[in-house]
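Visitor: Before I ask anything, here is the structure I am working with.
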Amino acid sequence: RPTVKPERPVEVRPKPTPREAQAPIASDPTDPRWNDMAMANRYEVIAIEMRRRYGVRVRKWRTSMSGVAWQVTYRDGTVSRLIESPRPKGPMSVAVFLHEIGHHAIGLGAYKPRCLEEYHAWRFSLDQMRAWKLNVTPAVEARMHESLHWAIDKAARRGLKRLPEELVPYVEPPPPRPSRRAR
């Protein structure tokens, strides 16, 4: 005759909460605890909050300091806002991340010509860095200048008729940045 083992109570463990659903300690730069947070934690809070605020999904965290923003509209009318960017870990990577978020915040295609949209996405990025009390380094400002200069050149090659006034300061190339090895 088979022996029957008594049933043991099954321990039900709650599933771990995804990082996005966890409540950050201080997600507001005006909160006094914000200044006590480690920079890595601040960058993580910013990444979570900005993705939530603008309904953006990161398709891929890039290892390079480049990014792209796009959206997909499905037949039923739903829209997926997507980006690829570096994970925010320092001033340059957070600037690129916020620039890509900025494309969705201002609205993809909201500004014509395309170089003007790039300008507004960069303005959004630097404004957000300041709002979150992050350091806008000279390297970040130089990156913005290089990016906008390149966008203006591209627009000119494609037959740009009139340069928007906001972009005039970026017509000339920026001074060369010292290499990391020279520092």
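The values are calculated or read from the model by the stated rules, or taken from the named source; none is laboratory data. These numbers were taken from a predicted model, which means no experiment stands behind them. A quick note on method: Cβ atoms are made from the backbone with ideal geometry, for glycine too, and the neighbour counts reach across all protein chains shown. Please note that ligands, DNA and RNA were not included when accessible areas were found on the heavy atoms of the full protein model with its side chains. Shrake-Rupley method; radii C 1.70, N 1.55, O 1.52, S 1.80 Å.
Visitor: With a cut-off of 8 Å between alpha carbons and a minimum separation of six or more residues, what is the relative contact order of region 69-147 in percent? Intermediate results must be reported in sequence, preceding the final value.
Guide: Values: 80 pairs, mean separation 19.3, N = 79.
Dividing the mean separation by the residue count of region 69-147 yields 24 percent.
Visitor: For region 136-141, take each phi angle, set θ = phi - 60°, evaluate the Karplus expression 6.51 cos²θ - 1.76 cosθ + 1.60, and give the result in whole Hz per residue in order, putting x for glycine and proline.
Guide: Working through the residues one at a time gives 8, 7, x, 5, 5, 5 Hz.
Visitor: Further, regarding this structure: Find the accessible area per residue for region 82-156; the probe is 1.4 Å, ligands and nucleic acids are left out, and the unit is Å². Could the numbers behind the result be given before it?
Guide: Numbers: 2760 Å² over 75 residues.
Ligands and nucleic acids excluded, the figure is 37 Å² per residue.
Visitor: Please name which of 67, 45, 96 has its Cα lying farthest along the dipole of region 34-112 towards the positive end, using unit charges on Cβ (Lys, Arg +1; Asp, Glu -1) and the Cα centre as origin.
Guide: Positive-end residue among those listed: 67.
Visitor: Take 124, 97 and sort them by solvent-accessible surface of the protein heavy atoms, 1.4 Å probe, largest at the top. Could the numbers behind the result be given before it?
Guide: On the way: 124 30, 97 0 Å².
Descending order: 124, 97.
Visitor: Per-residue counts of other Cβ atoms within 10 Å, averaged by peptide: what ranking do you get for 144-150, 133-139, highest first? Intermediate values should be presented prior to the final figure.
Guide: Values: 144-150: 18.3, 133-139: 14.0.
The densest-packed peptide leads the list: 144-150, 133-139.
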